[in-house]
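Asks: Sharing a structure with you now.
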Amino acid sequence: MSVEEACRSNNLDVDMVYKNLNNVLQQEKNNHNDSLKDLPIEVLLSYLKKTHKVFIRHQLPFISDMVQNIDPDYFDEPEIARDLKFIFPIFVEDFIHHIYEEEKSHFGYIENLKNYYEKEVSPHAYFSELCTNSIEHILEHHKEEDDEMLGIRELTHNYYVNDKSGIYTKTVYLELKKFEDTLKNHAFIENEILFPKALDIEEKLSKRLAQFARFN
């Protein structure tokens, strides 16, 4: 389901939803936290999946091309340029793998929770899944993995530039920092909005399961 389809099925204004979500990606978290929490979980999932596609199809290829075409002789610190050309492709490969795993396991589990709860299926259908999965466990590990660009940030001394830095170095570091800022805000939506909403559904299903067990 696309973001547009998810909005239509919930009678939501598509433009307003995009505006609220994009405001978060522009680091206006505090002002828009409440409006994002009101969005249905399927809208958040659709938006996050769409953002993943933007990362994979547009932003990462653009930065990868820029990094691979770095001429160390024109970089402020040639050795950093050589290391960056070696490290960044590894980062991209690991990051894309992380995205696919997240969509398959984390998002898949959340979608199942939503369907189990809304369709009021028999607890038999989700007993084993609740026993083998946990939103709290997912959130704990997700927060540990959030700093994907730590190695690149350390390599570039936190994207350090000064008045004497060349335009080439400034441009590369600016794009890397912009991408990291986007990732942090993307993680904010997942950790502070999506997972708490999923945890609420999981707890309700657990209570339903406990009641079922008590009467059977």
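Asks: Helix-only estimate, please: 222 nm mean residue ellipticity of the chain, summing -39500 (n - 2.57) across DSSP H runs of length 4 or more and dividing by its residues, to the nearest 500. Each step should come with its number before you reach the end.
Replies: On the way: 12 runs with 152 residues, N = 216.
Mean residue ellipticity, 222 nm, calculated: -22000 deg cm²/dmol.
Asks: Further question: For the stretch 3-214, compute Rh as the Kirkwood radius over C-alpha pairs and then the Stokes-Einstein diffusion coefficient at 4 °C and 1.567 mPa s; write the answer in µm²/s, rounded to an integer. Provide the component values of the computation, followed by the final result.
Replies: Values: Rh = 19.3 Å.
Reported coefficient: 67 µm²/s.
Asks: For the residue pair Phe62 and Gln211, what label-to-label distance in nm results when each label sits 7 Å from Cα along the Cα-to-beta-carbon direction?
Replies: That separation, rounded to one decimal, is 5.0 nm.
Asks: Another question, if that's okay. Over the chain, what is the relative contact order in whole percent, taking alpha-carbon pairs under 8 Å and six or more residues apart? Working shown, then result.
Replies: Details: 131 pairs, mean separation 62.5, N = 216.
Averaging sequence separation for qualifying contacts and normalising by length gives 29 percent for the chain.
Asks: Let me ask another. As an exercise, use a Förster radius of 22 Å and the Cβ-Cβ distance of Ala125 and Lys49 to find the FRET efficiency, rounded to the nearest 0.05.
Replies: Details: r = 24 Å, r/R0 = 1.10.
Efficiency, from the Cβ-Cβ distance: 0.35.
Asks: How tilted is helix 195-214 with respect to the longest principal axis of the chain? Cα atoms for both, answer in degrees (0 to 90, nearest 10).
Replies: That works out to roughly 30 degrees.
Asks: Can you give me the distance in nm between label points at Lys19 and Tyr74, each placed 7 Å from the Cα along the Cα-to-Cβ direction?
Replies: 4.2
Quick note: the coordinates plus some simple rules give every number you see, no bench work behind them. For clarity, every value in this text was computed on a predicted model and none was experimentally measured. In this analysis, Cβ positions are derived from the backbone assuming ideal geometry, glycine residues included, and neighbour counts consider all displayed protein chains.
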